[in-house]
Amino acid sequence: MRRLYAGGWIVTCDDGGTEHANGWVLVEDGLVSAVGDAEEPEADERLDLAGAVVTPGLVNTHHHLCQTLTRARAQESDLFNWLRELYPVWAGIDADAQYAAARTGLAELALSGCSTVFDHHYVFPEGRTGLVEAEVQAARELGVRIVASRGSMDLGVSDGGLPPDELVEKLDAVLADTERLVSELHEPGHGARVQIAVAPCSPFSVTRRLMEESAALARRHGLPLHTHLAETVEENAYCMELYGCTPVEYLTDVGWLGGDVWCAHCIHLSPDDVIDFGATGTGVAHCATSNLRLGAGIAPVRELVDEGVRVGLGVDGSASNERSDLLFEVKQALLVARGRGGPAAMTAREALRLGTRGGASVLGRDDVGSLEEGKCADLAVWRTDVLELGGAEDPVAGLVLSAPHRVDRLVVGGEDVVRGGALVRADEYEIARTQRAQARRFAAGP
Ligand SMILES: [Zn+2]
């Protein structure tokens, strides 16, 4: 089956930033087989794009899907106080709640044009099984790709950590469960729908030994490594007190700087840290809205990009960014870069590239993030006849600057996940109802 998407503005996000103002994409067996603007190739089916913008499916590099159950809490808190309020609430998570939460966050992301989602789940209360499996099932049903993580916390408050003791696990149990999930769920290779990453939570909730053992495990299996880093000034002070060094020095110490690692936030980096990230190939998940919501600061993304650091975008969990809209995050990346560095600090196309190609690179994926021959047929189709794009002669810049938008069509591996602005395989209102029933179990109460 050869399907041709024709008559649209194709943004390939290839190395040269090629765009075809009146172009087409040919899809065959779930892969892009050609892109261009010359004479249309033969196809079994031709879909008229009617002047829509087509981008690669967006790639999310940081989320906590379970947090859709606990939005709009701790509204004026900084990170540590926000966490102290929410850890005990998250302790109620089980597989049913996780499934409902994941369906919600994944559906929101799909409707914002996102085809590949990384989720950082690190809350594993004793005796609750099937949490990672629940979110993987939700992703499979909706039709998006997921990189799920076996996160972890093993440094409780009585040992100098931030999380309550009842939420931390034993190191051996973490490693054994990670091995189990890798053997049961991880798909290696081109076009993987489900992958597993190894993701201890943060310097203030994980022991040095678990950081080291996690890296060893990941490297034995060739899996990517992820953690939170340098999110707040309080975290820097905490690291100085506990480890006598900055978060990046600590990360270097535990063998975590490298091309198989990416870190969320990375706001409080020194100029030398930025150089170290570039030299070692360490990636960054930039979570602009969450960082603003928690008043944590703004990451030096212009400097990181100029240093050649791999940078992707993340919506982050829904308790610190109540909206899982990745195209909106593309616009936020542009706005915060300009707020920090002036109007030339980031172009619309650079921001879009962070949300596509950048994200793929951060996740270690060379099969998604661009529209080129042989890549997965993950396409986001954006209508240009909508109210907010009228008068925008440059529809690509218009799309970013007037975000958010609901995607018109989202194709993942050649199959429709969203069509006509609606989920193809699920009913978003049913998802919302089911999720509210679960969220009530986490309510603070009268
Ligand atoms: Zn996070």
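Of note:
- Residues satisfying the stated conditions in the stretch 151-170, i.e. in contact (Cβ under 8 Å) with a residue 60 or more places away in the chain, surrounded by fewer than 24 Cβ atoms within 10 Å (Cβ to Cβ) and assigned to a loop (DSSP other than H, G, I, E, B): 160, 162, 164
- Restricted to helices (runs of 4 or more DSSP H) entirely inside the stretch 48-150, those with at least 1 residues that are of a type in the set (Gly, Ala, Ser) are 95-111, 131-142.
- Condition check for residue 44: in contact with a strand residue (DSSP E or B) (Cβ under 7 Å, 6 or more places away or on another chain) and touching a residue at least 40 places away in the same chain (Cβ under 8 Å): yes
- All positions within the stretch 199-231 that are buried (at least 16 other Cβ atoms within 10 Å of the Cβ), more than 30 Å from residue 32 (Cα to Cα), away from the ligand (no atom under 14 Å from the Cβ) and among the hydrophobic types (A, V, I, L, M, F, W, C): 210, 211, 215, 217, 218
- Any hit, the stretch 16-29, residues being closer than 18 Å to residue 373 by Cβ and among the aromatic types (Phe, Trp, Tyr): yes
- Test result for residue 15, out of contact with any strand residue (DSSP E or B) (no Cβ under 8 Å at 6 or more places or on another chain), open to solvent by 10 Å² or more (accessible area, probe 1.4 Å) and closer than 20 Å to residue 431 by Cα: no
- In this entry, residue 374 is excluded by the filter for residues that are touching a strand residue (DSSP E or B) at 6+ places or on another chain (Cβ under 7 Å) and within 16 Å of the ligand (Cβ to nearest atom).
- Any pair with Cβ under 6 angstrom, 6 or more apart, that starts in the stretch 53-64 at a residue that is among the β-branched types (Val, Ile, Thr) and ends at one that is within 16 Å of the ligand (Cβ to nearest atom): 59/359; 61/118; 61/285; 61/312; 61/314; 61/359; 61/362
- Selection of the stretch 308-321 for residues being under 14 Å from residue 359 (Cα atoms), in contact with a Phe, Trp or Tyr (Cβ under 9 Å, 6 or more places away or on another chain), within 16 Å of the ligand (Cβ to nearest atom) and part of a loop (DSSP other than H, G, I, E, B) yields 314, 315.
- The residue of the stretch 295-307 that is nearest to the ligand (Cβ to nearest atom), among those that are crowded, with 24+ Cβ neighbours inside 10 Å and of a type in the set (A, V, I, L, M), is 299.
- Qualifying residue in the stretch 419-427 (condition: surrounded by 16 or more Cβ atoms within 10 Å (Cβ to Cβ) and touching a Pro at 6+ places or on another chain (Cβ under 8 Å)): no
- Residue 320 more than 12 Å from the chain's Cα centre (by Cα), over 22 Å from residue 82 (Cβ atoms) and either open to solvent by less than 30 Å² (accessible area, probe 1.4 Å) or among the aromatic types (Phe, Trp, Tyr) (or both): no
- The selection criterion, being away from the ligand (no atom under 16 Å from the Cβ) and of a type in the set (A, V, I, L, M), holds for residue 31.
- Residue, farthest from the ligand (Cβ to nearest atom), within the stretch 262-289, restricted to residues that are closer than 15 Å to residue 364 by Cβ and in contact (Cβ under 8 Å) with a residue 40 or more places away in the chain: 283
- Failed item in (1) in contact with a Cys (Cβ under 9 Å, 6 or more places away or on another chain); (2) open to solvent by 40 Å² or more (accessible area, probe 1.4 Å), with residue 121 passing the rest: (2)
- Residues of the stretch 57-81 that turn out to be in contact with an Asp or Glu (Cβ under 9 Å, 6 or more places away or on another chain) and within 14 Å of the ligand (Cβ to nearest atom), as a count: 10
The values are calculated or read from the model by the stated rules, or taken from the named source; none is laboratory data. Predicted model only: the values in this text are computed from it and were never measured. Ideal geometry is used to build each Cβ from the backbone, glycine not excepted, and the neighbour counts take in all protein chains shown. When the accessible area is computed, the model is the full protein with side chains, heavy atoms only, and any ligands, DNA or RNA have been set aside. Shrake-Rupley method; radii C 1.70, N 1.55, O 1.52, S 1.80 Å.
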